[in-house]
Amino acid sequence: MLDRFPADEYRSIVELRRDLHRHPELAFEESRTGALVAARLARLGAAVATGVGKTGVTADVGEGGARLLVRADMDALPLTEASGEEFSSEEAGRMHACGHDGHVAIALAAAGRLRRDPPARGLRFLFQPAEERGGGARACVADGVLDGVTAAIGLHLWNQLPVGKVGVFRGAMMAAVDEFEISVRGRGGHGAAPHETFDPIVAAARIVEALQTVVSREVSPLDSAVVTIASIHGGDAFNIIPSTVRLTGTARWFTEATGAAMPAKIGRIVSGTAAAAGVSAHLEYRRINRPVVNDPRVADVVIEAARRLLGEENVDTETRTLGGEDMSVYLDRVPGCFFFVGSAPEGPHRPHHSPEFAIDERALVVGTTLLEAAARDVAAAAFERA
Ligand code: NI
């Protein structure tokens, strides 16, 4: 596939991706990106709408009303780039560290191809804002992007897979994202007189340890889940026991039963452990993203297209992650499929959301080719809403 792809088209996709990479924009601030996308789509002669979900852009392509949603996300992350790429971010504290610049370039290239040779059923390309902080997909749905739509597809560049491989899972492929905050309140005092205090630091340490048993003892070993404490804040002197400690963390899960029970399990352990230590603890629990669940019928169409283009051995049908994505907002409402396009560069691992993130740009060819084919095939299969 890589050697059959037109060289001038590849150059223009790479050029666009690098331009976006130099000018990353955070969630709901994608005005330059959105304007650039809208101008390119208008040049294709597509029916373009801007200001969708605040800073998003849609374009309808093909005959009749748009039935299939093809979604790409546009936002960057609040990180300062340290990838060493010559086209690194020109903005301190902002970086395309997840590959969304590539998603935009891929979707624009696929839209161009589909515009030149339109499928029989209509497609709606959506360039979505604010995936990273959440809220972008919901804002787009509120603005009507799913009106008339009966199926949805989208992709993510993925550094867990090498270039030339893709991952398509028939079912729950990305986890739900919940976040929580635990405030531990004790009684502070002198570091030399702990017996006169109720030490929230020791209590917080016990809570962190006790929470490890949620997954190991309370979730079925045949199910997958994560409970991570990601920050601990308390105290600021070497000899003072503080009166409060604040912990934040995330819970990830795939199945509804596990997700429904999670706040109560965490809450019971937090308050029981706090009580044993003579302190009080308050849990605040928020749902951010639902699991990304592919419809097996739509996934089968994408798997078929991927096997045809890349060969059976390059299509991984087992890839899943406890990372999250707001693609779930669409897939909760219409059948669809989200899939991973391998983009790992040579050399050391360059994880998503790290300042060293980088991709092998040949993944843009795989992404464009597969997104175009998947859009054609899924549109032709004419899935209906359940
Ligand atoms: Ni991402």
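The values are calculated or read from the model by the stated rules, or taken from the named source; none is laboratory data. It should be emphasised that the depicted structure is a prediction, and the values quoted were computed from it without experimental measurement. With ideal geometry, Cβ positions are generated from the backbone for all residues, glycine too; neighbour counts draw on all protein chains shown. The area values use the complete protein model at the heavy-atom level, side chains included, leaving out ligands, DNA and RNA. Shrake-Rupley method; radii C 1.70, N 1.55, O 1.52, S 1.80 Å.
Annotations for the structure displayed:
- Test: Glu25 is under 24 Å from Ala137 (Cβ atoms) and touching a Ser or Thr at 6+ places or on another chain (Cβ under 8 Å): yes
- Among (1) within 16 Å of the ligand (Cβ to nearest atom); (2) free of Cβ contacts under 8 Å to residues at least 60 places away in the same chain; (3) open to solvent by less than 50 Å² (accessible area, probe 1.4 Å) - the single one Pro78 does not satisfy: (3)
- Qualifying positions in segment 41-68 - away from the ligand (no atom under 16 Å from the Cβ), of a type in the set (Gly, Ala, Ser) and either touching an Asp or Glu at 6+ places or on another chain (Cβ under 9 Å) or open to solvent by 50 Å² or more (accessible area, probe 1.4 Å) (or both): Ala42, Ala46, Ala47, Ala49, Gly51, Gly53, Gly64, Gly65, Ala66
- Given (1) farther than 15 Å from His100 by Cα; (2) open to solvent by 30 Å² or more (accessible area, probe 1.4 Å); (3) of a type outside the set (Phe, Trp, Tyr), index of the condition Pro355 fails: (1)
- All conditions but one from (1) away from the ligand (no atom under 16 Å from the Cβ); (2) touching a strand residue (DSSP E or B) at 6+ places or on another chain (Cβ under 9 Å); (3) not in a helix (DSSP H, G or I) apply to Ser343; the one that does not is (1).
- Residue check for Val141: in the same structural domain as Ile303 (by TED's automatic domain parsing), out of contact with any strand residue (DSSP E or B) (no Cβ under 8 Å at 6 or more places or on another chain), in contact (Cβ under 8 Å) with a residue 12 or more places away in the chain and within 16 Å of Phe338 (Cβ to Cβ): yes
- The set of residues in segment 26-40 being in contact (Cβ under 8 Å) with a residue 24 or more places away in the chain, within 22 Å of the chain's Cα centre (by Cα) and open to solvent by 20 Å² or more (accessible area, probe 1.4 Å) consists of Leu26, Phe28, Glu29, Ser31.
- If only residues of segment 83-109 that are within 16 Å of the ligand (Cβ to nearest atom) and assigned to a helix (DSSP H, G or I) are counted, the one that is nearest to the chain's Cα centre (by Cα) is His100.
- Counted residues, segment 277-290 - those being surrounded by fewer than 19 Cβ atoms within 10 Å (Cβ to Cβ) and within 16 Å of the ligand (Cβ to nearest atom): 1
- The set of residues from segment 110-166 being assigned to a loop (DSSP other than H, G, I, E, B), among the hydrophobic types (A, V, I, L, M, F, W, C) and within 16 Å of the ligand (Cβ to nearest atom) comprises just one member, Ala130.
- Here Arg71 clears all of (1) away from the ligand (no atom under 16 Å from the Cβ); (2) assigned to a strand (DSSP E or B); (3) under 21 Å from Leu26 (Cβ atoms) except the condition numbered (1).
- Qualifying positions in segment 291-340 - away from the ligand (no atom under 15 Å from the Cβ), closer than 19 Å to Ala151 by Cβ and in a strand (DSSP E or B): Val293, Gly336, Cys337
- Within segment 172-184, the only residue that satisfies the criterion of being open to solvent by 10 Å² or more (accessible area, probe 1.4 Å) and either part of a loop (DSSP other than H, G, I, E, B) or more than 30 Å from Ser280 (Cα to Cα) (or both) is Ala172.
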